[in-house]
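Since the structure comes first, as structure tokens, the remarks are kept for the end.
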Amino acid sequence: MVKMMRAVQYSTYGGDAPSSLKLVDVPVPKPKKGEVLVKVEVAGINTVDWKIQGGLLKHILPLKFPHIPGTDISGEVVSVGPGVENFIPGDKVISCVGVLKGGSLAEYAIAPIKCTVKRPPTITPVEAASVPVTGLTALQSAKNMAGIRLDGSSNLNVLITAASGGVGTLYVQLAKLGGCFVTATCGARNMALVKNLGADEVVDYKTPEGMRYKSPSGRKYDVVVHLAPYQPLEAFKAELAPEGIVMDMTPTFKTVARNWYNKLTFSKHKFLPFGMIPNATDLQEVIDLVEAGKLKVIVDSTYPLEKSADAWARSIKGHATGKVLVTCNN
């Protein structure tokens, strides 16, 4: 008899519509080479999940429908595929299952071992599921693009927009670990939280200063981590250092085009699109920082699997403080 599970899926590109998510019964998948089957305790929802549903990348990397969305999982290994030696049934794990492959909004999910690590007992399933995409995004862009060194020696002026979201709350902490002076923008209700996470100065994004990305202390930014919706490079230029860089963390084709234009014109300012690359090494580094108490995970809300559409809608609204999560096995 085929074992069945509950899962959330959609069958067409739907303009980010939560109403297109349906709870269905589908067969439990089987792990292949280099994969493990995980009983999902908690899954995370990320901006990229519903942007893909809305049609992002559909002309380049189209989905196969019906599609079970979701990327972040925390759970327990049930079985392993051929050749898997580092994990055994019963292991508690954290994984980034891949944005296009998806599968986390289900009672069971396939996790690739190339981006799966063991979950320390001191980290809860909810904390663990909050980390993969947000943590990898923050860590990789901070180290590989911004040049932030986590030994405290960076001494950069950094602006982080939308700093109260899932990525932003981690980024503030990473930048401070790197020894940066951090200016952050967010809504008024979250200013105290972002300040407590380590930001040196926090600006309400709705104020005239916030809309112009001005530093209250008059600093010019070496690095801008732009986590809010797209803005052109010109929106930041007046506040950039002579060789400052802007990292568009949710890039569009406009970002890519401007990046190439700046290269062709030898611009001293850089406008860089960011793309996260899932891997176990970086995920382990983030988990080690959480376990050591150097990174604090901020959770906005959790929903049961049958309320995934509500979680989806909460993320789409763009006002979540920290991470939106779904519990998949009650």
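The values are calculated or read from the model by the stated rules, or taken from the named source; none is laboratory data. For clarity, every value in this text was computed on a predicted model and none was experimentally measured. Counting neighbours? That spans all protein chains shown, and the Cβs are built from the backbone with ideal geometry, glycine included. Each accessible area value is taken on the protein alone, full model and side chains, heavy atoms only, with ligands, DNA and RNA left out. Shrake-Rupley method; radii C 1.70, N 1.55, O 1.52, S 1.80 Å.
Some points to look at:
- Qualifying residue in the range 203-221 (condition: surrounded by fewer than 16 Cβ atoms within 10 Å (Cβ to Cβ), in contact with an Asp or Glu (Cβ under 8 Å, 6 or more places away or on another chain), among the small types (Gly, Ala, Ser) and modelled with pLDDT of 95 or more): yes
- Pair list, Cβ < 9 Å and 6+ apart or interchain, from the range 179-198 residues that are touching a residue at least 12 places away in the same chain (Cβ under 8 Å) to residues that are basic (Lys, Arg) and assigned to a loop (DSSP other than H, G, I, E, B): Gly179/Arg149; Phe181/Arg219; Thr183/Lys214; Thr183/Arg219; Gly187/Lys206; Ala188/Lys206; Leu197/Lys296
- Test for Lys323: is it touching a Phe, Trp or Tyr at 6+ places or on another chain (Cβ under 7 Å), farther than 21 Å from Gly178 by Cα and not acidic (Asp, Glu): no
- Strands (runs of 3 or more DSSP E) enclosed by the range 201-270 - at least 1 residues per element that are without any contact (Cβ under 8 Å) to a residue 40 or more places away in the chain and touching a strand residue (DSSP E or B) at 6+ places or on another chain (Cβ under 6 Å): 201-204, 240-248
- When Asp300, Asp288, Asp282 are checked against the criterion of being charged (D, E, K, R), in contact with a helix residue (DSSP H, G or I) (Cβ under 9 Å, 6 or more places away or on another chain) and outside any strand (DSSP E or B), a single residue qualifies: Asp282.
- Test result for Leu23, open to solvent by 70 Å² or more (accessible area, probe 1.4 Å) and assigned to a strand (DSSP E or B): yes
- The residues on offer are Ala257, Ala192, Ala188, and the sole one that is surrounded by fewer than 16 Cβ atoms within 10 Å (Cβ to Cβ), over 24 Å from Val299 (Cα atoms) and of a type outside the set (D, E, K, R) is Ala257.
- Counting only strands (runs of 3 or more DSSP E) that sit completely within the range 82-134, those holding 2 or more residues that are at pLDDT 95 or above and of a type in the set (A, V, I, L, M, F, W, C) correspond to 92-96, 108-112.
- From Ala311, Ala320, Ala257, residue being at pLDDT 95 or above and of a type in the set (A, V, I, L, M): Ala311
- Qualifying residue in the range 35-54 (condition: part of a loop (DSSP other than H, G, I, E, B) and under 21 Å from Asp310 (Cβ atoms)): yes
- Just one of the listed residues (Thr265, Thr250) is closer than 20 Å to Tyr171 by Cβ and modelled with pLDDT under 95, and it is Thr250.
- Candidate set from the range 99-114 (those that are under 8 Å from Val38 (Cα atoms) and more than 18 Å from the chain's Cα centre (by Cα)); member that is surrounded by the fewest Cβ atoms within 10 Å (Cβ to Cβ): Ile110
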